[in-house]
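Written out below as structure tokens is the structure these notes cover.
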Amino acid sequence: RYRVAMEQQDVAGLRSIASRDYYENGSTTTNADDDYGYDGLERVFADLENTVKAVKYKIEVTDITIMGRSATVNFDYEAQFLYTIGERDQWGTKGDKNRLSLRKEKGVWRVLSGL
């Protein structure tokens, strides 16, 4: 659902899989300036809706660990995105490793971090 929602720029779909306890540290543990919670996702979603015109997103799950109501999903990803800067469109690419942290909430797995 996550990959498809990214490719379709489905903000409602992404919002539906995020926990209200979502927290992102921006991959920096010593600098809290780039941290944000569930409400901060709205800025990310606004960029996805307003700046990005197309997304191609490939993920390869490398590990899933489930411990009771908590889980982690490690994956490698390759992303291509068409975005607008000023009045010019251009393609960007990025590839890296990522981890989604999840928690089962009322029978549904929700993302706590990593979107």
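Annotations
- Test: residue in the range 68-83 that is more than 20 Å from Glu7 (Cβ to Cβ), aromatic (Phe, Trp, Tyr) and surrounded by 12 or more Cβ atoms within 10 Å (Cβ to Cβ): no
- Residue within the range 87-95 that is free of Cβ contacts under 8 Å to residues at least 12 places away in the same chain, open to solvent by 100 Å² or more (accessible area, probe 1.4 Å) and within 20 Å of Arg15 (Cα to Cα) present: no
- Lys106 being surrounded by fewer than 15 Cβ atoms within 10 Å (Cβ to Cβ), touching a helix residue (DSSP H, G or I) at 6+ places or on another chain (Cβ under 7 Å) and either in contact (Cβ under 8 Å) with a residue 60 or more places away in the chain or more than 24 Å from Asp35 (Cβ to Cβ) (or both): no
The values are calculated or read from the model by the stated rules, or taken from the named source; none is laboratory data. None of these values were measured; they are calculated from a predicted model. With ideal geometry, Cβ positions are generated from the backbone for all residues, glycine too; neighbour counts draw on all protein chains shown. When the accessible area is computed, the model is the full protein with side chains, heavy atoms only, and any ligands, DNA or RNA have been set aside. Shrake-Rupley method; radii C 1.70, N 1.55, O 1.52, S 1.80 Å.
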